[in-house]
1. Among the residues that make up region 96-115, is at least one of them in contact (Cβ under 8 Å) with a residue 40 or more places away in the chain and within 30 Å of residue 228 (Cβ to Cβ)?
2. Can you name the condition, by its number, that residue 82 falls short on among (1) within 19 Å of residue 35 (Cα to Cα); (2) assigned to a helix (DSSP H, G or I)?
3. Hey, could you check region 217-240 for residues that are exposed (fewer than 13 other Cβ atoms within 10 Å of the Cβ) and modelled with pLDDT of 95 or more and say which is nearest to residue 140 (Cα to Cα)?
4. Modelled with pLDDT of 80 or more, within 16 Å of the chain's Cα centre (by Cα), among the basic types (Lys, Arg) and within 23 Å of residue 101 (Cα to Cα): does that describe residue 73?
5. Pick from 44, 65: which is exposed (fewer than 14 other Cβ atoms within 10 Å of the Cβ), small (Gly, Ala, Ser) and at pLDDT below 90?
6. Listed residues 56, 102; which is part of a helix (DSSP H, G or I), among the polar types (S, T, N, Q) and at pLDDT 95 or above?
7. So which residues in region 186-212 are of a type in the set (D, E, K, R), out of contact with any strand residue (DSSP E or B) (no Cβ under 9 Å at 6 or more places or on another chain) and either modelled with pLDDT of 90 or more or part of a helix (DSSP H, G or I) (or both), if there are any at all?
8. Given (1) more than 22 Å from the chain's Cα centre (by Cα); (2) without any contact (Cβ under 8 Å) to a residue 60 or more places away in the chain, where does residue 49 come up short, assuming only one miss?
Amino acid sequence: MTRVNLSGLQSFCTLNNGRNIPLLGLGVYLIEAGKATEDAVLWALQIFVTTKLYDQDHGYDSALAACELSLQKLGLDYVDLYLIHSPNPGAERRAESWNALQKLVTLGKAKSIGKAYFYSITPMNLLNFKVHPWLARREIISFCESQNIAIEAYSPLSRGHKLQDPVVNKIAAKYSKSAAQVLIRWSLQKGHIVLPKSAKKERIEQNSEVFDFELADGDMEVLDSLDEGYVSGWDPTTAP
């Protein structure tokens with residue numbers, strides 16, 4: 001993965017297949033399927049579209065059909081990134097689904113593929129998992145870096161559970177930023193692709209205002225020291 005400058009919303013990194021992906025993702029999960037892509041075409045915007053294979057659609061044929069249905073709903077010929085959503089169906093069906101994702105690349109239906117919410121040593125373009133200062137996941141990050149696999153930080157705000165942490169808020173006050181902005185910036189400076197989640201317009205806008213400051217090395221080290229293996233919600237490492 002090649003990091004590029006963090007100068008604005010146009011900042012991106014290059015995946016190991018040569019395709020570019022924005023470093024900051026803004027979800028549209030409360031918008032009707034296809035609406036965001038329709039608006040992007042109308043306004044001639046460049047967007048990077050990610051969608052997922054959900055648990056009920058695992059299996060080779062089911063995965064191919066599920067992707068085709070997603071493309072129809074989105075009004076697209078292909079998606080930029082297609083992810084397996086979770087490890088829940090078990091190893092055998094995951095393997096079938098992964099073979100299907102590779103076929104989707106061959107067919108031109110997905111430009112890049114990866115996995116979400118779980119940890120895997122399979123070669124891929126991107127791995128999406130929970131990572132934030134309280135859950136550093138150094139081992140899997142080291143593996144991804146050694147294999148040139150892009151890291152997409154899911155739940156970079158620890159689901160809001162740690163936003164009142166006094167250490168983070170002290171750093172936030174230093175930069176006149178919110179705790180959430182500091183956590184997003186920490187992930188960006190780690191070289192992660194970041195996906196902060198919010199259904200509120202003002203918070204989505206605030207989450208994007210992270211390119212006008214840089215955390216000092218000392219502050220990054222302080223945030224690094226917060227690691228305690230904190231898992232909010234389900235821990236996918238327990239899946240078979």
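The values are calculated or read from the model by the stated rules, or taken from the named source; none is laboratory data. Keep in mind that this is a model prediction, so the values were computed, not measured. No Cβ is skipped: glycine too gets one built from the backbone with ideal geometry, and neighbour counts run over all protein chains shown.
1. The answer is no, given that none of the residues of region 96-115 is in contact (Cβ under 8 Å) with a residue 40 or more places away in the chain and within 30 Å of residue 228 (Cβ to Cβ).
2. (2)
3. Result: 225.
4. Numbers: modelled with pLDDT of 80 or more: yes; within 16 Å of the chain's Cα centre (by Cα): no; among the basic types (Lys, Arg): yes; within 23 Å of residue 101 (Cα to Cα): yes.
Considered against the rule, which asks whether it is modelled with pLDDT of 80 or more, within 16 Å of the chain's Cα centre (by Cα), among the basic types (Lys, Arg) and within 23 Å of residue 101 (Cα to Cα), residue 73 comes out as no.
5. 44
6. The conditions single out 102.
7. Within region 186-212, 201, 202, 203, 205, 209, 212 qualify.
8. For residue 49, the exception is condition (1).
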